[in-house]
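Bear in mind these aren't lab numbers, they're just calculated from the coordinates by the rules spelled out. As the structure is a prediction and not an experimental result, all values here were calculated from the model. Positions of Cβ are generated from backbone atoms using ideal geometry, with glycine treated the same way; all protein chains shown enter the neighbour counts.
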Amino acid sequence: MSGYQMTFERTEMKYLLEPVQYLQLKERLMGKMETDQYGNSTICNVYFDTPDARLIRKSLEKPVYKEKFRLRSYGLPGQTSSVFLELKKKYQGIVYKRRETLNLADAEAYLYRGIKPERQTQVLREIDWFLHYYENMIPAMYISYERTALYGLEDENLRLTLDGNILWRTDCLRLENGPWGTPLLEDGWFLMEIKIPGSMPLWLGHILDELKIYPASFSKYGQAYEKQQIMRSEKKGGISCA
């Protein structure tokens, strides 16, 4: 886990790509960006919220400041696997992310049963304050996706991610239950995020203009929450996670 960055301060721009745009963009990026050391990965997340969905409802109002908290793994974790506790905040378009690692067993003991980890760090203290400020935080949604991560050959601080097969669910909200659920996007569509500490390179801006790829306001958790509200009245029965 030492290779993962633990703190971030950057601009993140999102774009929805149709299947043809996705293929054209991948071709145009050859020679300018390359898959990073983590390459292609399955990312699994459990988002936490209050019982009345206070965090995501506020986020959907598009305030100047918003925040979210999630438990994340790269791939399907076991009880001794390292996972990330991530506190993500956005203020005036700038994303600030703080995260810490625990093994899955300790992370779930902390987040599901309130048992604090023996090891304490500044980030864990910030997370603990956050969880106390938003009382009764509970697991609210599981979201997984297949990610390809790229970095700029001229500027390694330029990062680009392509997320496909985005799935969400509100049952079986533990990372070890694996990635499955309801598709968030149509088949073949991707969510792209460009992550930069400063301004976008001109060459990348030109490519996006030529391919008619434009910024989109899109939150995986937010979009899934809105779909959940539409489907709630139609939901019948439950799912066993045994």
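Extension gain, Lys89 to Tyr134: 0.36 nm times the residue separation minus the Cα-Cα distance gives 14.8 nm.
Angle, helix 220-232 long axis vs. longest principal axis of the chain, Cα atoms, 0 to 90°, nearest 10? Its long axis makes an angle of about 60 degrees. Taking 25 Å as the straight-line reach from the Cα of Lys89, the lysines in range (excluding those fewer than 8 positions away in the same chain) are Lys14, Lys58, Lys62, Lys66, Lys68, Lys97, Lys116, Lys195, Lys220, Lys227. Over the residues of the chain, the helix contribution to mean residue ellipticity at 222 nm works out to -7500 deg cm²/dmol, using -39500 (n - 2.57) for each DSSP H run of at least 4. Compared with the alpha-carbon gap, the fully stretched path from Tyr214 to Asp155 is longer by 19.0 nm at 0.36 nm per residue. Over all pairs of different C-alpha atoms, the chain has a mean inverse distance whose reciprocal, the Kirkwood radius, equals 19.0 Å.
Model label sites at Glu234 and Glu186, defined 7 Å from Cα along the beta-carbon direction, differ in position by 1.7 nm.
The packing ranking, built from the mean of other Cβ atoms within 10 Å per residue, places the peptides 162-175, 194-207 in the order 162-175, 194-207, highest first.
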